[in-house]
Amino acid sequence: MQIITVQDTFVDVIQDVEDGTVDQESFWVSRRSSEEAEQELFYINVAKEEDQVKFTNQEGVVFIQFPSKNRRRFKLQIGDESYDLQASQSWHKFDSVMSLASTTKKLIMGTIKGTYLVYDLRTQKIVKEVKGAHEANIEHIRVFPSQQVILTVGLDLQMKIWSLENDSQIPAQVLKGHTSEITSIEFIGNGRNYLTGSLDGAVNLWECGSGSLVYSFRRIDNLQDPVNCIATAKLPKPWSITEPLTDREFDTVGRELYVGYESGIIQSFDVGYHSQLRKRLVRFEGVAVTSMVISGKYLIAGYGNGHLLVWEQETIKIDVSLSPHRIAHLAVLDETEKRVKLLVTNGADLVLNVHIDVENGTQSITYMVGVPEVFTATSVSYNGSHVFVSDKSGVGVFQVAETATGSDKVIS
């Protein structure tokens, strides 16, 4: 798979020509086979002829703008190869962003300095700033299902619960228990319980009200295998138990936990019964499982070698080979029984919208472009209409739903 990058201001270039601000202008497009490979560089000339914007290139490269509501979808053709592109709606500069979460109204950001910020998507202003929320990087942020409370996870190994509804600088709860970096979070039900995975090899089950550790899951044959990612799904009935094992558990009965390890193993556990199951998924031995999501009856896993596998129980339904670099983030954008649209980050400069048709075994890829050069995603979030992708210099915004539920000002 090729890495395609486009000058981050190319939409502005097109707009300037379209508005008559300039008669003609140009922007660059590059292609390379890997992060280390030498890039091919092409210049696209933009001019207006008979009230139509025209794109030309002396090397035969074809660039097409599709008519659409937001006019940010394009096709690039280089020789016999064609690539679908979608440009960002906007780029917002923020310093040292490491983690993101979003609602339809707010974007929450965590920084390298341990600060978290709440940004109002409608007013486009920071409405809350908590400095020193953590003693080091805020690695993860999640919004509870109520949309009123967030969980922040720091490199200081602390997890903190905060209200989004007030200006308090004090967390409602502080939880500790892992001995190495926390890599993943998964809420159960309404969020009274949640799971965290860590490089210490444990997946911990927490109860929010008391802030207590309920149970710690470890793989029996290797207690220290680092955990990179987790996902949960419904277990098929009959369940091992019908009532929780403790009075600190809510909605854990009938939940299956998938744990992705550095060793390349995906191990299954019964959350409610506090037990390891027989199901174990291995495709690339020794290649890390780096990200996972659930879509209907499918488990979708990203790997350190750039492969994206769709599992149905213990069968691989489709194997999508992307750029040979770590798939760091996965998010489900849309899904039906047999199809799924995913946001995927795959090494430097690659943010992808991947459409997988599981029934027909096919996939198509749209490159998400219009972000700064040498872009490496630190976090992603999706609020039902817009995708937010951060690197350490700011946040890019992409509209992916046909009808946006958030404010139009998100994309200004």
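The values are calculated or read from the model by the stated rules, or taken from the named source; none is laboratory data. Fair warning: this is a prediction, and the values are worked out from it, not measured in the lab. Virtual Cβ from ideal backbone geometry, glycine too; neighbours counted across all protein chains shown.
Contact annotation: residue pairs with Cβ atoms under 9 Å, 6 or more positions apart or on different chains, pairing a residue in segment 10-22 that is more than 20 Å from Glu373 (Cβ to Cβ) with a partner that is in a helix (DSSP H, G or I), are Thr21/Gln15; Val22/Val13; Val22/Asp16. Would you be able to tell me the number of residues in segment 156-208 that are at pLDDT below 95, among the acidic types (Asp, Glu) and under 21 Å from His274 (Cβ atoms)? Looking only at that region, the number is 0. When Glu40, Glu35, Glu49 are checked against the criterion of being acidic (Asp, Glu) and either without any contact (Cβ under 8 Å) to a residue 12 or more places away in the chain or more than 30 Å from Asn305 (Cβ to Cβ) (or both), a single residue qualifies: Glu49.
Listed here are the residues, each with its yes/no results for (1) assigned by TED's automatic domain parsing to the domain that holds Gly347; (2) out of contact with any strand residue (DSSP E or B) (no Cβ under 8 Å at 6 or more places or on another chain); (3) under 21 Å from Gly347 (Cα atoms); (4) not β-branched (Val, Ile, Thr).
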position: Gly20; (1), (2), (3), (4): no, no, no, yes
position: Val29; (1), (2), (3), (4): no, no, yes, no
position: Glu38; (1), (2), (3), (4): no, no, yes, yes
position: Ala47; (1), (2), (3), (4): no, no, no, yes
position: Phe55; (1), (2), (3), (4): no, no, no, yes
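Only residues that are among the small types (Gly, Ala, Ser) and assigned to a strand (DSSP E or B) were counted across segment 184-204, and they come to 3. Of the residues making up segment 254-268, those that are assigned to a loop (DSSP other than H, G, I, E, B) and either among the charged types (D, E, K, R) or under 11 Å from Ala301 (Cβ atoms) (or both) are Glu262, Gly264. Contact annotation: residue pairs with Cβ atoms under 9 Å, 6 or more positions apart or on different chains, pairing a residue in segment 167-188 that is more than 26 Å from Lys234 (Cα to Cα) with a partner that is of a type in the set (Phe, Trp, Tyr) and at pLDDT 95 or above, are Ser168/Trp162; Ile170/Trp162; Pro171/Trp162; Ala172/Trp162; Gln173/Trp162; Leu175/Trp206; Gly177/Trp206. The set of residues in segment 224-244 that are in a loop (DSSP other than H, G, I, E, B) and more than 21 Å from Tyr303 (Cα to Cα) comprises Leu235, Pro236, Lys237, Pro238, Trp239, Ser240, Ile241, Thr242, Glu243, Pro244.
Counting only strands (runs of 3 or more DSSP E) that sit wholly inside segment 1-109, those with at least 2 residues that are of a type in the set (D, E, K, R) are 24-32, 40-49, 73-78, 81-87. Criterion applied to Asp251, Asp221, Asp247 was being part of a loop (DSSP other than H, G, I, E, B), touching a residue at least 12 places away in the same chain (Cβ under 8 Å) and of a type in the set (Asp, Glu), and the one residue passing it is Asp251. Within segment 379-398, take every residue that is surrounded by 22 or more Cβ atoms within 10 Å (Cβ to Cβ) and among the polar types (S, T, N, Q) and give me the one that is farthest from Asp95 (Cα to Cα). Filtering segment 379-398 for residues that are surrounded by 22 or more Cβ atoms within 10 Å (Cβ to Cβ) and among the polar types (S, T, N, Q), the one farthest from Asp95 (Cα to Cα) comes out as Ser381.
Taking Val332 as the residue in question, decide whether it is among the β-branched types (Val, Ile, Thr), farther than 27 Å from Gly286 by Cβ and modelled with pLDDT under 95. In short, no.
Of the candidates Thr405, Thr376, the single residue that is closer than 22 Å to Ser184 by Cα, assigned to a loop (DSSP other than H, G, I, E, B) and at pLDDT below 95 is Thr376. Val395 meets the conditions (1) of a type in the set (A, V, I, L, M); (2) modelled with pLDDT of 90 or more; (3) in a loop (DSSP other than H, G, I, E, B) in every case but one. The failed one is (3).
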